Each structure stands twice: as structure tokens, then as C-alpha cells.
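*Asks:* To start, I am sharing the structure in question, which I have written as C-alpha cells.
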Amino acid sequence: MKAAAFVLAILAAAPALAQDLAFSEAATEACLADGAEPRESCPGRSAGACIEDTEGGYSTVSMGACIWAEYQYWDDRLNASYQELVARSEDADAENAASGLAIASQEQALREMQRAWIVFRDTACDFERSLWGGGTGAGPAGADCLMQETARQVFRLDDALGRGR
Amino acid sequence: MRALGLIFILWPLAAAAQDVPFDPAPTETCIGEATAGGLDPAVCVGRSANACQRQQGGDTTIGIVGCLGGERDFWQGRLDIAYDALLSRRRDFDASIAGDASSAGRYPSTAAALAEQQALWEAWRDALCRSEWAPYADGTIRGPINANCQMRETAAQALRLQRYLEEM
């Protein structure tokens, strides 16, 4: 919810600009494919390239929009990985039930984890944004936090799926 | 008599578990080098735990959990220091806002916001680690999986709070 309100604030400020963004996920994906250490250094590469390649990219609004574009890339990956993991844990729960194993539901543990993560991420990013006070850095800082935290959650879920990058 | 026999069997195991010493130096050295080189100290997480596990007895379930717990405690110490420094600076900031008549009462407490994100982090960390060991709930591997998760996420939060401090 907070994230949604935040993106509206950014996009309202940049109606014409969204089409002119030179965003591509290539830089982030190349960094991951190259095996950069730590992999946490890869999220933000595409946003950085977008800021450089977009005309007037170093304005606060453009920076926020480039970072937001990469946030959407990670959020799409997160949704795909999460759905895959939910499906896998449903299968495991069904298998355990069929073999009479009284083991706590993996799917429930996964859903509780993801709910707790969203609340933490939004609260932590609100807090980080508050450190910038009302300054112009607050917008990009808040978007960067959402993008970085979402990328890290993708790494965790992909680790659980047995693929690290 | 049978109980006594069991004690003699378990005795060397207990002694061995306590004998795997944890040394924070590998992770500490790595953090120092990464910071000096402008690199992300996230690469350093687990260095000491890995070195600890290479020692005799460090590759048993008890040894692995002990080594990971040692590094978790190391990062918890850094987390606590960063949190206390942040809290003190947020309290100063809140007091300066409260002392300004034009803005008094218009801003929520940033110290309270810090405490809130920390409480939510703890709740999420436990839910996350539980979801990681849940697939192995009936196996001994669940201990090491939980210990690894706790260490990794405590380190991540310590580095997160450290970043907040640097941004202020």
C-alpha cells in the first residue's frame, strides 16, 4: 500500500517523462551473469545506466523514475519466484500429508514469511526516506530502498528454489 | 549403570563441541579491507564461520551450528552498536523538532519509527528462517539451516543500520 502511494507520487510528477526513459535490465542481468561478488552489488546497475542514458537523467524526477523502472523489474521476478515456491511447497505439503507425516505446512510458513517481509520492507524504506527529511533526495532514496530490498528478497527465494542468480 | 555409560559416550562429544573455537578475525579483517577499498562488506558475511567449520569438530552438526552461532553473535554485536547510535541521533533530531515552535507536534517521532522497523525486522527474520527450515522439519539439517539464516540476516540488518548511519 505504502509502495503504491509512493509510485503514484513519482509518476504524477513525471507524466511525460515515463516514455522517454532509456531503461533496460541488461546491465543488471549482465552483472549477475558475470558472477559479481557480492551479487547484491548488481541491483541498481540498470537504474544507473538509465540515469546516464536518459536525457536530463540526473534530475530528481528522472532518477526516481529510472530506479522505479528497475524496482518493477525485480518485483516481476519476485512474483514469478514466489508463485513457483508456493506451488512447490503446496506439492510438498500434499506429499507429506499423503505419507502420513505430521509436518507443519510449508506453504503457510512461506506465506507468513512473505507477509512479514512486505511489512518490514515498506516500514524500513519509510524510515530510510525519513532520514532525508523533506529534501529532494528522499524520493530517489525511498525508491532505491524498495528496489534493493526487493532484489534481495528475489535472491532469497531463488536460493530456496535452488538457483542463486 | 546404563546411564553412566551414556555419559561416558556423550562426554567426548560435548567436549569436542565446546572445543571448536570461533574467531571473528577473518570476517573483521575482510570488513576492514572491503571498507577501505570502497566495496560492499556483504562479501565478508560467513568468513569466520567458514574458517571455524574447517577446524576439527567444526564439520559436525553441533560444530556447524556453533560456528554459525558465533558469527551471528558477532554481527548482533555490530547491529546493537549501530542501533544504539541511530537511536541516540534520532532522539536528538526529534528533540530539535519538538523545540522548534513552528514544527512542534507536526512530525511523528523518528526514534519510534526506528524501533518499529527493528521489531518488524525481528518478526520477519524469524518467519523467514522458519520458512527456510520448514522443508527439513524432520531432519537434523534444520539446525544448521536455521543457524545459517539467523547469521546471514543478522549480518544484513547490521549492514542496513550501518548504511542508515552513513546517510545521516
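The values are calculated or read from the model by the stated rules, or taken from the named source; none is laboratory data. This one's a predicted model, so the numbers in the text were calculated from it and none came from an experiment. Cβ placement follows ideal geometry from the backbone for every residue including glycine, while neighbour counts extend to all protein chains displayed.
*Asks:* Just checking, does segment B:74-87 include any residue being surrounded by 15 or more Cβ atoms within 10 Å (Cβ to Cβ) and more than 28 Å from B:Pro26 (Cα to Cα)?
*Replies:* The answer is yes, given that some residue of segment B:74-87 is surrounded by 15 or more Cβ atoms within 10 Å (Cβ to Cβ) and more than 28 Å from B:Pro26 (Cα to Cα).
*Asks:* While we're here: Any chance you could count how many residues in segment A:19-49 are over 17 Å from A:Asp76 (Cβ atoms), away from chain B (no Cβ under 14 Å) and at pLDDT below 95?
*Replies:* 3
*Asks:* Checking the conditions here, which among A:Val86, A:Val61, A:Val119 is over 30 Å from B:Ile97 (Cα atoms), in contact with a helix residue (DSSP H, G or I) (Cβ under 7 Å, 6 or more places away or on another chain) and part of a helix (DSSP H, G or I)?
*Replies:* None of the others qualify; the one that does is A:Val86.
*Asks:* While we're here: Can you tell me which residues in segment A:94-131 are without any contact (Cβ under 8 Å) to a residue 40 or more places away in the chain, of a type in the set (D, E, K, R) and in contact with a Lys or Arg (Cβ under 7 Å, 6 or more places away or on another chain)?
*Replies:* Listed by number, the list is empty, since nothing qualifies.
*Asks:* Can you give me the number of residues within segment A:37-51 that are in contact with a Ser or Thr (Cβ under 6 Å, 6 or more places away or on another chain) and hydrophobic (A, V, I, L, M, F, W, C)?
*Replies:* Final tally of qualifying residues: 1.
*Asks:* Does at least one position in segment A:94-106 carry a residue that is more than 7 Å from every other protein chain (Cβ to nearest Cβ), part of a helix (DSSP H, G or I) and either in contact with a helix residue (DSSP H, G or I) (Cβ under 6 Å, 6 or more places away or on another chain) or surrounded by 21 or more Cβ atoms within 10 Å (Cβ to Cβ) (or both)?
*Replies:* No; the residues of segment A:94-106 include none that is more than 7 Å from every other protein chain (Cβ to nearest Cβ), part of a helix (DSSP H, G or I) and either in contact with a helix residue (DSSP H, G or I) (Cβ under 6 Å, 6 or more places away or on another chain) or surrounded by 21 or more Cβ atoms within 10 Å (Cβ to Cβ) (or both).
*Asks:* Given the conditions (1) buried (at least 21 other Cβ atoms within 10 Å of the Cβ); (2) closer than 24 Å to A:Glu107 by Cα; (3) not hydrophobic (A, V, I, L, M, F, W, C), and given that B:Gln157 satisfies all but one, which numbered condition is not satisfied?
*Replies:* Failing condition for B:Gln157: (2).
*Asks:* Quick check on segment B:89-98: of everything there that is farther than 14 Å from B:Glu166 by Cα and not β-branched (Val, Ile, Thr), which residue is farthest from the chain's Cα centre (by Cα)?
*Replies:* By that ranking, first place goes to B:Ala98.
*Asks:* Then there is this: Hey, A:Ser81 hits all of (1) under 18 Å from B:Ser131 (Cβ atoms); (2) surrounded by 15 or more Cβ atoms within 10 Å (Cβ to Cβ); (3) within 9 Å of another protein chain (Cβ to nearest Cβ); (4) of a type in the set (S, T, N, Q) but one; which does it fall short on?
*Replies:* Result: A:Ser81 passes all but (3).
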